């Protein structure tokens, strides 16, 4: 049976092991070919081909529940559950999602994008199953990188305590996005190198059973001997002490071994942890050699692995890294912290230059934020580089541990705004709302890459207290970069185009959208003022009062949730000032989760385009004439 004939996992159960092995190679080739056009998470999915085949062979999805931690490893699962004919649309607008999605298939029982959530979800499903009297299996597949997340460890502890029937598959590929770090990772490394524990454990248990019962004292002594052997052989003792039956380590590319282990796990009562060792990028040499680079890719040439990239201005991430390195040369107090995003945040360049001043803490956003607070409390200037949607995971720490104590932490909030193909779980549209309401926080966003370097300089060298700069994914717009860095006055906006009657207060890249809208409006005889807001908090209150005094109507424009937005802040300002006759219209991300697609497609969907902004201004114009 060939891959093209598979549209249901039930069909796998008719195959022999050698047929599954052939199918695995066909799936790998399918993924390599499809992703060379669409891009996507290449290396993670090449590493779980045999693992996914074995899971669907041994269990019965969707009755048995598969919960994929960080769903970017679910491509093989999607291929086997009737969606291979949709892979030409992967991560494209209105196409196949790059993550599990309930609306796509009954086999997707949980939607994931951020890591370390699978164990908690699986525990909830196991409890619900038992309360309903069902007998299905619940299987959580979690990576060793995700296991460093605090939420995963909390769930691991609770599962072991409750002793529910639940299978945890630990996919140990030694990599998340950046190389994994930490004591738990090192512990798993010891387990990978020890192949003798299970054999020795079985032999000792058989020996104990053969010893005649000669009293409780001897029995307890023999049990202690067995426990001592666990520690002596450096086995999965951590998991066994937490209450799990530990199976492994298992070769994650050996289908026979996987099938045997999953069969044993299915027959074991209580929680079972199956430790599977896989190779990220398996079967495609470029991805095997550089699995971090090929974690998530755009289009590439299959023969060489060379990624097809359009020439253009430097990206915001590159500007961040180069400016930070420049400032750190003269400021020894600058230190950088990131939660497993060393390459994604650009700090891989920083750590090469200042290895003792850069800390990748693993997938542990809460720890990254509070650790940054600790560094600041001792007089250093920590720069916490983190994606917008990942900062959500450390929100209590931002409030309680940094802002409440007014500590001097600089948050470099990457991937702010619409990010495109990764979809709902990664669109960085909520940070404005959740940061601007926190006391002591300063929040800003640059209109271009040149202003960005000045904001970094301002945040590090001149501001005392919590401060965040949000900046978009992708390249700058190609403006000339100033050679000298300069201070931007906190809370001061910039008028980039003078106008009459209507002012467009735009944030970040929306300044360019506003300027293009202004060109359209000039053809209609309307000349709006264009303002680069720069700061969401504090607002430029002097300018806002001036606009009110001159009877301007205002449109706020931002690539962020319209609820709790900069626009909301403007309305709050005028309400508090007792100004009720000014017209303010807010344009931002509507109140729903924006799915995947290109940024241009998504901006068109939500109305963040020059045409839509121009239409909004023109709809306000009759009201202005009536008031006049």
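The values are calculated or read from the model by the stated rules, or taken from the named source; none is laboratory data. Just so it is clear, the model here is predicted, and its values are computed rather than measured. Note: ideal-geometry Cβ built from the backbone for every residue, glycine included; neighbour counts use all protein chains shown.
A few points about this structure:
- Sole exception among (1) over 27 Å from residue 567 (Cβ atoms); (2) within 16 Å of the chain's Cα centre (by Cα); (3) crowded, with 21+ Cβ neighbours inside 10 Å for residue 394, by number: (1)
- The sole residue among 543, 505, 485 that is in a loop (DSSP other than H, G, I, E, B) and either closer than 27 Å to residue 440 by Cβ or in the same structural domain as residue 341 (by TED's automatic domain parsing) (or both) is 485.
- Options 282, 310: the member that is out of contact with any strand residue (DSSP E or B) (no Cβ under 8 Å at 6 or more places or on another chain), within 30 Å of residue 58 (Cβ to Cβ) and in a loop (DSSP other than H, G, I, E, B): 282
- From the options 304, 372, residue that is free of Cβ contacts under 8 Å to residues at least 60 places away in the same chain and in a helix (DSSP H, G or I): 372
- Qualifying position, being more than 28 Å from residue 321 (Cβ to Cβ), surrounded by fewer than 22 Cβ atoms within 10 Å (Cβ to Cβ) and at pLDDT 95 or above, among 494, 541: 541
- In the set (1) in contact with a strand residue (DSSP E or B) (Cβ under 8 Å, 6 or more places away or on another chain); (2) modelled with pLDDT under 95, the condition left unmet by residue 113 is number (1).
- Breaking point among (1) part of a helix (DSSP H, G or I); (2) surrounded by fewer than 17 Cβ atoms within 10 Å (Cβ to Cβ); (3) modelled with pLDDT under 95, for residue 349: (2)
- Of the residues making up the stretch 456-480, those that are outside any loop (DSSP other than H, G, I, E, B) and touching a residue at least 40 places away in the same chain (Cβ under 8 Å) are 456, 457, 459, 460, 461, 467, 468, 469, 470, 475.
- In the stretch 563-581, the residues that are free of Cβ contacts under 8 Å to residues at least 12 places away in the same chain form Cβ pairs under 9 Å with partners that are surrounded by 13 or more Cβ atoms within 10 Å (Cβ to Cβ), at six or more places apart or across chains, as follows: 580/574; 581/548; 581/551.
- Test: residue in the stretch 401-424 that is surrounded by fewer than 22 Cβ atoms within 10 Å (Cβ to Cβ) and outside any loop (DSSP other than H, G, I, E, B): yes
- Residue within the stretch 330-339 that is under 24 Å from residue 371 (Cα atoms) and in a helix (DSSP H, G or I) present: yes
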